[in-house]
Amino acid sequence: MKLNAFKIVGITLFVTSVCFGQGLKEKIADKKFTNLEFAAASEIYEELAGSKQPKMKYYVRAGESNLKTGNYKKAETFYNQAFLNQGMTDKDYYNYYQVLKYNGKYQKANEVFAKINSSEFKNIRESLKNHSDYEKDYKKDSSNVKIGSIEGLNTEESEFGPFIAGTDMYFVSSRRNTAANRKRYGWDNSYYLDIYKATLEGNTAKSTSRPGEKLQTSYHEGPLFITKDGNTEYITRNSLLNNKKAQKGKDEQVNLKIYYRSKVGDKWDAWKEFTHNSNDYSCGHPTLTDDGKTMYFVSDMPGTIGQTDIWVTHLENGNWLKPENLGQATNSEGRELFPSLFENEILFFSSDGKIGLGGLDVFYTVPSTDSYFEPQNLGYPINTSYDEIGFTAKDMKNGYLSSNRPGGKGKDDIYTFTAINPIVNSAVNFIVKDKETKAIMANAQVVMYDEAGKEVGKAMTDDKGDVKFTLTPGRNYKSKVTKDGYKNLELKIAESELAALTKEKKELLIEKKIFGLIGLVTDADLNTPIEGVKVTLTDAFNKNNVLSFTTNNIGELKHVYDKIKEGDDLSYIVKVEKKGYITKTQAVDISIMKDGFVKLHESTNMKLSKIKIGTDIGKLVDLKPIYFDVGKWDIKPEGAVELDKIVGLMNENTGMVIELGSHTDCRGSAKSNLTLSDKRAKSSASYIISKGIAKDRIYGKGYGESKLINKCACEGKVVSKCSEEEHGQNRRTEFKIVRIKP
């Protein structure tokens, strides 16, 4: 018996007769079912289910009664009959789903669960959707653990809930069979539960006894918990009036309560009730941290998510604070029972409301200040399709558990487990900080990957920048930290670090993303940096947004944006000016594709030329060739665009006087080339003057083929072997400074 409904009622004798009519039998069965006397109720419902006109109720209640008493094969028989008819409720489907899992029929169990429409089971439904291959997953590491027996401990009755104190094991058993205590209770017709003690020598119980000191009552007690200092005991018992008579709550059920007592000298003080006990709901199965200041326990008090949940309370100034529910990450729509702590870091518990192999499976989670990580199933063979409860770890490779799996001596037996590798992961601690300021980073996402790159954990840092994971020892890991406005951090976590990280925190330092511009201004002739250059960036769309810089001693300017993010596009009018150099103004478009600095000098020409006679200013503005129609000198639209660049540059540098020289290649007569080039030069100069440039600052002159810049002559009898590209080098327009006005 595992306190299946977490509520126990007093014994009620089973009385019936074959001569009773069907209606009377149904009333008797219903009363016993309501009183949780499932052993007696099951017999009557089974008989009624075999009548000539059976009701759906007979099938489902015969099934549920056998489920409660552990007769899973018989329970499946009656649920199978109910399933062939109409009228099963979502609760009936859920019970049928559980029965099928007890019997190892996982595929059919999932098919039955699919018929449940109630939102009450939405978390299980979501888990099944995301973890459809759970049976295979939970059995993949089955060779790691061996399950063993304890000689001389188990009986034909139930033994469960082991608690280890030195070489002694305290456990719960229904083996009570003395003349004065032969009462049974109606749940499964077992004896009432008592605390027993066994002295262990290896895997052998050298002796077992019922310890004295007022541990026994006439009803149920157990399991027992003893604090680490040995000075306080906690026990779960039926609610008793004056420590004698069972006391019912408002639902007419006898609930469970937590009692405790402290040692005064060599003697135990009287038992006292836990502050948060109630006659109207149950509290039980306490487990405490080593300092005795944090208690985890089971209750169905108001606020419970499922049938029973795990709650936590803290001791302050001698008072246990208001209990807090561990929440949906830990608790489920079903039952969470038998919590136990290992070294204050790992919380083990049993649950039948999470995805498991069947019945109650053992899970573990890692408690923290603000949350609890998604519980993990310990897998086969620790868990089976039957009930596994009362899990106690001596270390991460050895311990004890209780189970009603086949092959034992009784209803529940206590087993040992021995593992080759640790059964659970180590709880490791991290803290995320800003690399530069060392400020803690809340709400940063940390993802852990194993050596194969598979994600093994994901969590957000709390308001203290802390995050905790449970990782399997003996392996290397990689962490990835992401946070808005920061660069992603990927860091290897060596397996040699894990042990230390169970007690201390590893700093994960993330670097703030920088979005900025960097520019380099150099001398066009010497290619050396120029200091003291004024660079002005005017927003092309909002002229009021202006950035101004002066280059430093290495010709550099740098700007970091406050509000720019990845994917933003920027457009600027860039003006670069310094006395003695030709001022340049250009348009530039910039795309912010990643964090870091965009190199402005790679997007626009930031080389400055000194103002001197002979400089071709066309090269300073990346002037493209100016084309004319054959034999024509009219300015085409695309030519006007290029000439406008010259206009802009001359407006910025008002002291320059420019000769606009037009040149041709050698083909055609020298005379005609000279005439045509002169007309084109003057036409181009006239266009520039028409844009507001003074007549005395520019004039056009044609040179024809007289100033070839390569060996592509072809006048008279000379035959040129030059390519079209080589001839094109000679067809050019030059804008040379011929004078500098004061």
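The values are calculated or read from the model by the stated rules, or taken from the named source; none is laboratory data. This is a predicted model, so every value here is computed, not measured. Glycine gets a Cβ as well: all are built from the backbone with ideal geometry, and neighbour counts include every protein chain shown.
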* To do: Go through G648, G661, G655 for me and flag whichever is surrounded by 17 or more Cβ atoms within 10 Å (Cβ to Cβ), outside the structural domain of K584 (by TED's automatic domain parsing) and either closer than 18 Å to T615 by Cβ or in contact (Cβ under 8 Å) with a residue 40 or more places away in the chain (or both).
  => G661
* Asked: Counting just the residues of region 376-397 that are assigned to a loop (DSSP other than H, G, I, E, B) and of a type in the set (F, W, Y), which one comes out nearest to N331 (Cα to Cα)?
  -> Y386
* Asked: When region 246-295 is examined, which residues are found to be assigned to a loop (DSSP other than H, G, I, E, B), under 28 Å from F348 (Cβ atoms) and among the acidic types (D, E)?
  -> D290, D291
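Residue by residue, here is whether (1) within 18 Å of I582 (Cα to Cα); (2) in contact with a Phe, Trp or Tyr (Cβ under 8 Å, 6 or more places away or on another chain); (3) not assigned by TED's automatic domain parsing to the domain that holds G485 holds:
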{"residue": "D525", "(1), (2), (3)": "yes, no, yes"}
{"residue": "I530", "(1), (2), (3)": "yes, yes, yes"}
{"residue": "K543", "(1), (2), (3)": "no, no, yes"}
{"residue": "T551", "(1), (2), (3)": "yes, no, yes"}
* To do: Please tell me if A444 is of a type in the set (A, V, I, L, M), more than 30 Å from I164 (Cα to Cα) and free of Cβ contacts under 8 Å to residues at least 60 places away in the same chain.
  => no
* Asked: What tally of residues in region 605-627 results from selecting those that are surrounded by 19 or more Cβ atoms within 10 Å (Cβ to Cβ) and either of a type in the set (D, E) or at pLDDT below 90 (or both)?
  -> 7
* Pair list, Cβ under 9 Å, 6 or more apart: region 121-147 residue within 14 Å of Y106 (Cα to Cα) and part of a loop (DSSP other than H, G, I, E, B), other residue modelled with pLDDT of 80 or more and not small (G, A, S) -> H131/D137; H131/I355; S132/N110
* Asked: Looking at region 555-595, which of its residues are out of contact with any Lys or Arg (no Cβ under 9 Å at 6 or more places or on another chain) and in contact (Cβ under 8 Å) with a residue 60 or more places away in the chain?
  -> I590
* Asked: Tell me, which residue of region 484-499 that is part of a helix (DSSP H, G or I) and surrounded by 12 or more Cβ atoms within 10 Å (Cβ to Cβ) is nearest to the chain's Cα centre (by Cα)?
  -> L498
* Asked: Given the structure, is K579 among the charged types (D, E, K, R), part of a strand (DSSP E or B) and closer than 28 Å to K645 by Cα?
  -> no
* Please go through region 715-742 and pick out each residue that is surrounded by 12 or more Cβ atoms within 10 Å (Cβ to Cβ), part of a loop (DSSP other than H, G, I, E, B) and at pLDDT 90 or above. => C722
* Asked: Looking only at residues in region 161-180 that are of a type in the set (A, V, I, L, M, F, W, C) and at pLDDT below 90, which one is surrounded by the fewest Cβ atoms within 10 Å (Cβ to Cβ)?
  -> A179
* Is one or more of the residues making up region 361-375 at pLDDT 90 or above, assigned to a loop (DSSP other than H, G, I, E, B), in the same structural domain as D413 (by TED's automatic domain parsing) and surrounded by 20 or more Cβ atoms within 10 Å (Cβ to Cβ)? -> no
* Structure fact -> Counting only residues in region 22-53 that are within 19 Å of V254 (Cα to Cα) and in contact with an Asp or Glu (Cβ under 7 Å, 6 or more places away or on another chain), the one surrounded by the most Cβ atoms within 10 Å (Cβ to Cβ) is identified as F38
* Asked: Does any residue of region 460-473 turn out to be closer than 30 Å to I423 by Cβ, exposed (fewer than 15 other Cβ atoms within 10 Å of the Cβ) and under 15 Å from the mean Cα position of the chain (by Cα)?
  -> yes
